[in-house]
Each structure stands twice: as C-alpha cells, then as structure tokens.
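The values are calculated or read from the model by the stated rules, or taken from the named source; none is laboratory data. Predicted, not measured: the structure shown is a model, and the values here were computed from it. Virtual Cβ from ideal backbone geometry, glycine too; neighbours counted across all protein chains shown. Side chains are part of the model used for accessible areas, which takes the heavy atoms of the whole protein and leaves out ligands, DNA and RNA. Shrake-Rupley method; radii C 1.70, N 1.55, O 1.52, S 1.80 Å.
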Amino acid sequence: MLFRSPQLRAAGLDAPAIAKRVRSGWLVPVHRGVYAIGHPPTSWRGQAMAAVLACGEGALLSHRSAAALWELMPPASGPLEVLAPVNRAHPGVRVRRNLKLRPQDGTLRWAVPVTTLARTLIDLADVLDDRALARACGEAFVRGEVTPRALAAAVARLRNRRAITRLRPFVDAGARTRS
C-alpha cells in the first residue's frame, strides 16, 4: 500500500511519528512525500502509482506510461511519464506540466489515475513515430476500448495541439475499418 504524507497526517501521524516509522522500517520512502508499508513497490503498476502520488493532486499517468497501463505497448525502460498541474521533480519520473487538465482527461485503471485512452492516443501523437502510433490506435479501436467518435471528441477538445493532425486519419478511418 502507498500513502502520501497528507494521508498519513490525516490518519493521526505527525512528522516525528512518520520519521520514527521510517527509521523502524515500517514505512519505506518511495518518493518525496510518498511512503510504502514494509517494502517499496516491486511491480510496474505499483511504481506507476507511486509516481502519480508523488506528483500531487490531479496528476495522471500519461504518454507511453499510460499506453503501457492500457496495454497498448510494453512498459518503457525509461522514466515514468506523468501529467501534473505542478512540476515536481522526482527520480525516475518525467513530469509534464499541464495546467489545463480537465476531469474528462482522466480515469482510473487498476486503481492508478491515468489519462483516458482517447487522451493517451493524443499524447502519443506527440512522442511516437507514425508506425507505432498507427499500431496503438489500431489496437485501441480493435479492442473496442475507444471509438472513433470518442477520439474525435477528445481531438476537438484539444484542437490546439500540434500533433492532432496526425490523428485525423485514424478518426476518419476508424469509423470504416475493423481489421
């Protein structure tokens, strides 16, 4: 289990009590202000959750890390990518500051706050080559986890992004093909 400092304080632990539990090994610091009980997270999902918690309220797993959580691609060996309203540097986490995150941009998948699949595809258009983007979009459409209509709505909402033009063919073709 992972906890942020404010959660521990709400449970009645002040800073000295937290420090005492860290010294005894009962709490293990994972990131600044994020603690695990007994041992650090060993799974990729646990590390992803810790990264999101470290980036504060409103943070979401994003880009390639979100695509891995959505099982569109394997987890990358590099840093976990997180969208957050504030830029908080943490080892092993690439924070992408975004002040305009909306509630419809995020959801939970396996209890990890993550960008929606449509938003993830939009973010991937910024970082993937054409072939990898086509593979991710095709997989999302074939599995039925996102529809061309949902992707079109997300594209319309985020129309000021440069990479949006790279998704237009998938929005148009997604309605016609399912191979």
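Under a 1.4 Å probe, what is the accessible area of the chain per residue, stated in Å²?
With all protein chains present, the chain gives 55 Å² per residue.
At 1.4 Å probe size, with the rest of the protein present, what percent of the exposed accessible area of region 70-179 is carbon and sulfur atoms?
52
At 0.36 nm per residue, minus the direct Cα-Cα distance, what do ALA89 and ASP130 gain on full extension? Give it in nm, one decimal, please. Could you put the intermediate results ahead of the total?
On the way: separation 41, 0.36 × 41 = 14.76 nm, distance 2.99 nm.
Difference between extended and current length: 11.8 nm.
So what is the relative contact order for the chain, in percent, with contacts set as C-alpha pairs under 8 Å and at least six apart?
So the answer I get is 14 percent.
Which of the listed residues, ALA153, HIS39, PHE3, is farthest toward the dipole's positive end in the chain, when Lys, Arg count +1 and Asp, Glu count -1 at the beta-carbon?
After comparing all options, I get ALA153.
Using 1/(1 + (r/R0)^6) with R0 = 25 angstrom and r between the beta carbons of THR107 and VAL22, what's the FRET efficiency to the nearest 0.05?
Approximately 0.15, to the nearest 0.05.
Go through region 91-139 and name the trypsin sites (Lys or Arg not before Pro) that are in a DSSP coil and have 13 or fewer other Cβ atoms within 10 Å of their Cβ. Display every interim value, and only then the final one.
Details: sites: ARG94, ARG96, ARG97, LYS100, ARG109, ARG119, ARG131, ARG135; in loops: LYS100.
Here the sparse-neighbourhood loop sites are LYS100.
Net charge near VAL93: determine it from the other residues with C-beta under 11 Å of the C-beta of VAL93, scoring Lys and Arg +1 and Asp and Glu -1.
After counting each charged neighbour, the total is +3.
With every protein chain in place, what's the accessible area of GLU57 (1.4 Å probe, Å², nearest 10)?
For GLU57, solvent-accessible area is about 150 Å².
Nearest 20 debye, what's the magnitude of the dipole of the chain about its Cα centre given +1 on Lys and Arg Cβ and -1 on Asp and Glu Cβ? Walk me through the numbers on the way to the answer.
Values: 28 positive and 12 negative charges, 66 e Å.
Once rounded to the nearest 20, the dipole reads 320 debye.
Can you give the % of DSSP beta bridges in the chain that are antiparallel, to the nearest 5?
In the chain, DSSP labels about 70 percent of beta bridges as antiparallel.
With each run of n ≥ 4 DSSP H residues scored as -39500 (n - 2.57), what mean residue ellipticity at 222 nm is computed for the chain after dividing by its residue count and rounding to the nearest 500 deg cm²/dmol?
Here the helix-only value at 222 nm equals -13000 deg cm²/dmol.
What does the charge count near ARG21 come to, summing +1 for each Lys or Arg and -1 for each Asp or Glu among other residues with Cβ under 13 Å from its Cβ?
Summing Lys and Arg as +1 and Asp and Glu as -1 gives +2.
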